[in-house]
Amino acid sequence: MTAPATEQQVDILLVDDRRENLLALEAILEPLGQRLVRASSGEEALRCLLDREFAVILLDVQMPGMNGFETAKLIKARERTRHVPIIFLTAISKDEEYVFEGYSVGAVDYMFKPFQPAILRSKVQVFVDLYRQRRRIAEQEQRLREVERQDLELRHMHELLQSEARFREIVDSAMDAIVVFDAGGEITLVNAATERMFRTTAGAALGRPVTSLFPDDVGHEAMTTICTNAERERGEVSALSAPPTPHAFTARRASGDSFPIEASVSCLDTPAGRTYTLIVRDISERVRHEEALRQQAESLAKSAADLQSLNEELHRRQIDLERAMTARSRFYASMSHELRTPINAVLGYSTLLLEGIYGPLNEKQTEGIERTQKAARHLLELVNDVLDLSKIEAGKIELRLQPVEFPGVIEDLFVTVRPLADEHGSTLTLEAPKDERLKVVSDPRRLRQILLNLLSNAIKFGKGKPIRVVCARTDSGGVRIEVIDEGEGISKEDQERIFHEFVQLGKTQLQDGTGLGLPISRRLAELLDGSLTVESTPGRGSIFRLELPAEAELRTARFTDQELEREAPTGDRHHANTADPLGGELSAGEWHRSDRQTGERNADRNGERNGERNGERNAERNAERRHARARRGSSDA
């Protein structure tokens with residue numbers, strides 16, 4: 001049995017006063033491949049233990065001078081060697097009292113001569129392996145401590161760098177000027193605000209005395225005041241945890257101009273010495289305002305008429321501000337309407353072209369117009385969704401609360417989505433209590449908008465499989481509606497992402513639309529004091545769960561839907577399109593009616609500006625001209 005080449009040799013101490021015994025032990029243990037160290041006496045063995053570390057000691061009991069027991073006691077008394085295993089070897093001391101004494105002084109084994117070489121080798125090999133294992137553990141602990149130390153140093157360095165970066169960021173982004181100078185009054189750091197305030201550069205300011213920031217006649221006095229206040233307030237700040245008191249001074253810019261400042265100072269003792277941090281704020285504007293206020297107060301004291309004039313002017317400005325805020329709040333609605341008008345025209349005329357009103361189309365023309373119509377319909381849906389989302393975020397949604405009965409609302413929506421379900425091959429099933437009509441107080445229009453979006457998604461992405469809608473009463477007296485499909489489902493990590501704006505999943509999930517339907521539906525549900533959640537398993541389908549309270553809380557808005565629609569009529573987002581909300585196309589006659597309605601709505605807005613009667617007349621003439629063009633195109637076809 002030899003030591004592997006990759007293992008480092010260990011030391012084994014052989015102690016015997018007879019040379020022939022040492023040679024015999026070496027011959028027996030040589031196959032282990034370890035370093036065998038001889039010692040002919042106990043004293044020599046102790047000297048070897050001072051220089052080396054041994055895996056095991058083979059110790060003869062009977063030796064002249066210091067015997068084996070005495071040597072073992074001294075070995076065990078020393079902290080460094082007390083854990084070294086000792087095997088006693090003897091041919092004479094075989095009595096039990098000797099064996100007991102051997103174990104009592106710390107031996108791990110007591111062997112009688114003659115002994116089996118293989119047994120001795122096996123025992124020594126065990127202790128060699130234990131020694132190597134202990135040494136590997138010690139090395140691993142040392143490496144672990146070294147890694148921990150390095151990791152701690154890296155963390156400390158990282159924290160220090162972060163702290164320095166934060167300090168630099170705070171200093172550079174501070175609106176007030178920050179000047180750091182040492183005990184000798186020499187500037188060591190300035191920030192960008194200092195450069196702007198004193199109209200100098202960092203290169204020109206660094207190294208200069210801090211007194212150069214003040215006029216010559218007050219520079220030294222200001223310096224003395226700054227340092228004295230900093231040292232005095234240092235103890236007070238630490239005791240009271242209060243910020244330094246600001247003091248007023250007169251400072252000087254690089255151009256020589258003087259200006260008033262308000263400054264606070266603090267000092268810090270560092271290994272490099274004491275440093276002072278001066279935070280300066282230019283109060284020129286404040287002083288000017290104070291002077292203006294003083295003059296204004298004097299003027300107001302002299303004349304009550306001037307006060308009335310100022311109040312009237314303030315009132316006019318307030319009205320202007322309110323009008324500006326109103327105009328800004330209506331911007332979304334107005335812009336949305338302006339975008340709808342050309343989009344509606346594109347959708348309408350593309351429908352007429354596809355129906356052959358203006359003549360037959362070849363295959364390429366038909367394909368191009370169908371793509372145009374699809375893109376226009378998508379853009380119109382995006383405009384509607386963005387408008388809905390902006391109104392919700394701006395708090396412009398007014399809820400019209402009234403009793404809503406289930407499952408009546410869902411049955412009405414089934415009629416609306418039935419064509420889309422038939423197109424995709426899906427069946428619609430409603431599960432609701434037979435003998436109970438569930439009623440809640442909510443906004444029926446917003447509720448239909450939420451449910452229509454959920455049903456449309458279930459149909460489009462349900463892979464033509466059955467769709468169930470389950471309606472039940474909640475424990476709190478509200479209602480729970482679950483729209484269940486058997487589509488491909490949604491992964492766990494995407495179940496929350498689908499409620500984020502403009503998020504669309506891959507080809508096996510939501511791949512069409514604007515990415516706003518579900519975010520809008522969730523926000524509307526929250527406005528109704530309810531919630532909209534999803535529960536889905538990939539490959540098995542999804543459950544979209546809408547929960548509503550028994551009575552929603554009435555919420556007010558800065559502008560009602562009527563006001564927004566008067567500026568830019570939008571109607572229900574699912575019925576404002578000139579295309580069918582479920583993806584189908586309108587007929588030519590239906591589009592004429594939709595175009596006429598659009599003209600009438602435009603006329604309504606013109607009527608607010610130029611008179612309601614003229615607006616209606618213009619809308620009728622525009623609709624009649626479009627209808628005549630459509631008839632001519634149909635006759636030509």
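The values are calculated or read from the model by the stated rules, or taken from the named source; none is laboratory data. Owing to the predicted nature of the structure, the values given are computational and were not obtained by experimental measurement. Glycine gets a Cβ as well: all are built from the backbone with ideal geometry, and neighbour counts include every protein chain shown. For accessibility, only protein heavy atoms count, side chains too; no ligands or nucleic acids. Shrake-Rupley method; radii C 1.70, N 1.55, O 1.52, S 1.80 Å.
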Sorted on mean Cβ neighbours within 10 Å (highest first), peptides 472-480, 111-119 come out as 472-480, 111-119
Note, residue 550: beta-carbon cut-off 15 Å, +1 each Lys/Arg, -1 each Asp/Glu, net -4
Set 463/492; 364/463; 439/465; 374/463; 439/492; 434/463, cut-off 26 Å on Cα-Cα distance; pairs above it are 364/463; 439/465; 439/492; 434/463
SASA check, residue 439, accessible area w/ 1.4 Å probe, all protein chains in place, rounded to nearest 10 Å², comes out at 120
Probe 1.4 Å, all chains present, heavy atoms only: residue 500 accessible area in Å², nearest 10, is 90
With x for Gly and Pro, the residue-by-residue ³J(HN,Hα) of the range 48-60, computed from phi through the Karplus equation 6.51 cos²θ - 1.76 cosθ + 1.60 at θ = phi - 60° and given in whole Hz, is 5, 5, 6, 9, 10, 10, 10, 6, 7, 10, 9, 10, 6
In whole Hz, the Karplus estimates of ³J(HN,Hα) for the range 67-75 (6.51, -1.76, 1.60; θ = phi - 60°; x where Gly or Pro) are 6, x, 5, 5, 5, 5, 4, 5, 5
Counting only protein heavy atoms and leaving out ligands, DNA and RNA, the solvent-accessible surface of residue 502 at a 1.4 Å probe, in Å² to the nearest 10, equals 120
Residue-ordered couplings for the range 14-31, obtained by feeding phi - 60° into the Karplus form 6.51 cos²θ - 1.76 cosθ + 1.60 and rounding to whole Hz (Gly and Pro as x), are 10, 10, 7, 7, 10, 5, 5, 5, 5, 5, 5, 4, 4, 5, 5, 8, 4, x
Burial-style ranking of 133-145, 351-363, average other-beta-carbon count within 10 Å with highest first, yields 351-363, 133-145
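Suppose we keep just the DSSP beta bridges with both residues in the range 414-540; what percent of those would be antiparallel, to 5? Let's see the in-between values first.
Working: 6 of 10 bridges.
For the range 414-540, the DSSP antiparallel bridge percentage is about 60.
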For residue 159, the net charge from surrounding residues (Cβ-Cβ under 13 Å; K, R +1; D, E -1) works out to -1
Mean Cβ-within-10 Å packing, highest first, puts peptides 95-102, 276-283 in the order 276-283, 95-102
With a Förster distance of 35 angstrom and the Cβ-Cβ distance between residue 143 and residue 35, calculated FRET efficiency to the nearest 0.05 equals 0.90
